[in-house]
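Asks: Below are the structure tokens for one structure; questions will follow.
The values are calculated or read from the model by the stated rules, or taken from the named source; none is laboratory data. Keep in mind that this is a model prediction, so the values were computed, not measured. Every residue, glycine as well, gets a Cβ built from its backbone with ideal geometry; the counts of neighbours run over all protein chains shown. The area values use the complete protein model at the heavy-atom level, side chains included, leaving out ligands, DNA and RNA. Shrake-Rupley method; radii C 1.70, N 1.55, O 1.52, S 1.80 Å.
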Amino acid sequence: MDQAAAESILKEAAEAIGRRDGASARKLLQPLVGSPPSPNALFLLAQACRAEGDEPAEAEAIDRLLALQPNHLGALLIKGAALARAGDEDGALTPYQRALAVAEQVRRGGQALPPLLANEVARAAKWVDQYTAKRAAR
């Protein structure tokens, strides 16, 4: 598949996710998540799975993405949130801390995070602060 076709599929899938139509997005993304998988497609696939409430498939897509790009900020944030939602606060701490470290590296490099990503990083930082305070109180 050529780059233009892949980009078109990614755009259509993102629009489907925006409409909360995870099923359509997942179908669109299938040709891009094979071997070798597209990191962007895996990221969108995780979001599509989340929209459908398919947490195991969401986790699989994120784990595959992190295997390719261990410092993918969005994937780290999604992984931390998924683990926290599942009640695995100890497990959520590691990806959240890595996400905060990656965000700090981006800032030190003179780049600004997009507003949505900056909000998620701030939410993760708040979660980590609350978790560590709760843990220290035990």
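Asks: For the range 26-44, list residues with backbone N below 18 Å from a point placed 7 Å from the Cα of Gln3 toward its Cβ?
Replies: 32, 36-41
Asks: When the chain is fully extended, how far beyond the present Cα-Cα distance does Lys11 get from Lys134, taking 0.36 nm per residue of separation?
Replies: In short, 40.1 nm is gained.
Asks: Now, a different point. Along the charge dipole of the chain, Cβ charges K/R +1 and D/E -1, which of Gln47, Pro114, Ile9 sits furthest on the positive end?
Replies: Of the listed residues, the answer is Pro114.
Asks: Once you have the Cα-Cα distance between Lys27 and Glu55, take 0.36 nm times their residue separation minus that, and quote the gain in nm to one decimal. Provide the component values of the computation, followed by the final result.
Replies: Working: separation 28, 0.36 × 28 = 10.08 nm, distance 1.70 nm.
The span from Lys27 to Glu55 would gain 8.4 nm if fully extended.
Asks: May I pose another question? Heavy-atom accessible area per residue, the chain, 1.4 Å probe: how many Å²?
Replies: 57 Å²
Asks: Give me the number: length gained by fully extending Ala67 to Asp90, i.e. 0.36 nm times residue separation minus the C-alpha to C-alpha distance, one decimal in nm.
Replies: Net length gain for the segment: 6.2 nm.
Asks: May I ask for the percentage of alpha-carbon pairs in the range 54-116 that lie more than 15 Å from each other?
Replies: Here the long-distance tail beyond 15 Å is 51 percent of all Cα pairs in the range 54-116.
Asks: Nearest 10 degrees is fine. How inclined is helix 115-137 to the longest principal axis of the chain, computing both from alpha carbons?
Replies: Roughly 40 degrees between the two axes.
Asks: Angle check, please: helix 73-85 long axis (alpha carbons) against the longest principal axis of the chain (alpha carbons), in degrees 0 to 90, nearest 10.
Replies: Once rounded, one gets 70 degrees.
Asks: Please check: in the Gaussian network model of the chain (C-alpha springs, under 10 Å), which one of Ala101, Ala81, Ala41 has the largest mean-square fluctuation.
Replies: Of Ala101, Ala81, Ala41, the Gaussian network model singles out Ala101 as fluctuating most.
Asks: Restricting things to alpha carbons, tell me how big the chain is in terms of Rg and Dmax, in Å.
Replies: For the chain, the Cα radius of gyration and maximum Cα-Cα distance read 15.8, 55 Å.
Asks: With all protein chains present, how much of the accessible area of the chain (probe radius 1.4 Å) comes from carbon and sulfur, to the nearest whole percent?
Replies: Heavy-atom surface of the chain belonging to carbon and sulfur, 1.4 Å probe: 53 percent.
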